[in-house]
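Here's the structure, in structure tokens; my notes come after.
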Amino acid sequence: MVKSKKVISDATLVQRIKLGDSTSLEEIVRRYSDKVYSLAYHLTRDTSAAEEIMQEVFVTLISKISSLEKNSYFATWLYRVTTNASYGFLRKEKKFTDKAHVEHIEDEQTLSYDWSSLPDDILLSEESSTILHKAIDSLPETMRAVVVMKDVEGLKNEEIAQAMDLSIPAVKSRLHRGRLILRQALSDYYSKYAQPEGGSA
Amino acid sequence: MNCKKCAAIMEDYLENNLPSEILIEVHQHLDSCDQCKIFFNTYRLTVTLSRKMQEPCCVAPDMMERLKAFLFERLNTEK
């Protein structure tokens with residue numbers, strides 16, 4: 001009979017790391033390196049920076065883990081460290097852009113063209129991917145982090161709120177506004193495929 | 001249900017977080033309002049595309065080896 005191996009919780013591993021257990025550290029690195037690297041990459045869109053950030057994040061883990069009061073909050077703490085390190089890179093590289101247009105985004109439903117029915121080869125084209133990436137990169141830092149954490153990395157609102165030190169309504173609000181900006185960018189781009197009304201006769 | 005409220009609760013709608021009575025109101029509104037239907041379709045697809053258009057990235061084996069070597073060196077210097 002095959003015995004199922006019991007998975008050790010993050011909280012237990014963190015407790016053991018605090019006591020100097022390097023095997024537990026190795027397990028945490030194995031569990032979280034992809035997640036940390038992916039988040040750093042999608043925030044910076046730079047593979048070298050993402051690798052450096054990942055190293056920095058795990059060094060911070062070694063040096064600061066003793067100050068983490070609730071071991072069960074480890075994952076969101078790690079995401080926070082990753083986000084802050086990514087912000088640091090983006091600020092250094094001056095990759096945050098003008099935020100003025102964000103103030104003018106409203107819940108407007110004046111859109112007349114439903115581009116959702118376009119074929120996949122247009123929706124998923126390289127050009128539309130570039131438009132979307134540029135739009136994500138143009139978001140202000142907190143909004144960008146919330147959108148990437150939710151829509152790219154698939155984190156829950158509660159996890160994002162903990163990681164970003166925001167309330168859940170604040171997460172939802174930034175997420176919604178961020179998505180509106182992305183939707184607007186895609187709408188502007190896809191509008192060139194709109195058929196003029198009555199023009200197909 | 002009006003257009004403004006319908007747009008404001010889109011996130012809860014996509015997350016299946018709405019109580020059934022509100023859900024019914026949303027569906028009724030979407031059935032009767034073309035503008036909101038377009039807004040909903042394009043909003044939902046924006047979320048889908050955000051996920052689909054990101055290349056999946058994970059730590060390559062050589063990168064993992066560099067990370068482990070780097071960390072265990074740091075760990076030894078901390079001792």
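The values are calculated or read from the model by the stated rules, or taken from the named source; none is laboratory data. These numbers come from a predicted model, not from an experiment. In this analysis, Cβ positions are derived from the backbone assuming ideal geometry, glycine residues included, and neighbour counts consider all displayed protein chains. What goes into the accessible areas is simple: the full protein's heavy atoms, side chains included, and nothing from ligands, DNA or RNA. Shrake-Rupley method; radii C 1.70, N 1.55, O 1.52, S 1.80 Å.
Only protein heavy atoms count here, probed at 1.4 Å, and on that basis chains A and B bury about 4300 Å² of accessible area in total. Taking chain A as a Gaussian network of alpha-carbon nodes connected by springs under 10 Å, the highest mean-square fluctuation of the residues A:Leu182, A:Leu118, A:Leu90 belongs to A:Leu118. Principal-axis analysis of the Cα atoms of chain B puts helix B:61-78 at an angle of about 60° to the longest axis.
For the cross-link pairs A:Lys94/A:Lys172; B:Lys4/B:Lys37; A:Lys134/A:Lys172; A:Lys134/A:Lys156, the ones whose C-alpha atoms lie over 19 Å apart are A:Lys94/A:Lys172; A:Lys134/A:Lys172; A:Lys134/A:Lys156. Taking the 0 to 90 degree range and rounding to the nearest ten, how far is the long axis of helix A:74-92 tilted relative to the main principal axis of chain A, both from C-alpha atoms? Between helix and principal axis, roughly 60 degrees. Rounded to the nearest 20, the Cβ-based charge dipole of the protein assembly as shown about its Cα centre (Lys and Arg +1, Asp and Glu -1) stands at 1040 debye.
Among A:Arg179, A:Arg91, A:Arg144, the largest mean-square fluctuation in a Gaussian network model of chain A, built with springs joining Cα atoms closer than 10 Å, belongs to A:Arg91. Based on protein heavy atoms only, the protein assembly as shown ends up with 54 Å² per residue of surface accessible to a 1.4 Å probe.
Projecting the Cα atoms of A:Ile65, A:Ala161, B:Phe39 onto the charge dipole of the protein assembly as shown (Cβ charges, centred on the Cα centre) puts A:Ile65 farthest toward the positive pole.
Which GluC sites (Glu not before Pro) in region A:128-200 sit in a loop by DSSP (not H, G, I, E or B) and have at most 14 other Cβ atoms within 10 Å of their own Cβ? Please list the in-between numbers first.
Details: sites: A:Glu141, A:Glu153, A:Glu158, A:Glu159, A:Glu197; in loops: A:Glu153, A:Glu197.
Passing sites in region A:128-200 are A:Glu197.
In the protein assembly as shown, taking the dipole from charged Cβ atoms about the Cα centre, the farthest positive-side position among A:Trp77, B:Pro56, A:Tyr190 is held by A:Trp77.
Think of it this way: in the protein assembly as shown, B:Cys3, B:Cys6, B:Cys57, B:Cys58 stand alone, with no other Cys Cβ under 4.7 Å. Our note on the geometry: Cα centres of region A:107-175 and region B:1-77, 7 Å apart. Spin-label model, A:Thr142 to A:Val59: label points 7 Å out along the Cα-to-beta-carbon direction sit 2.9 nm apart.
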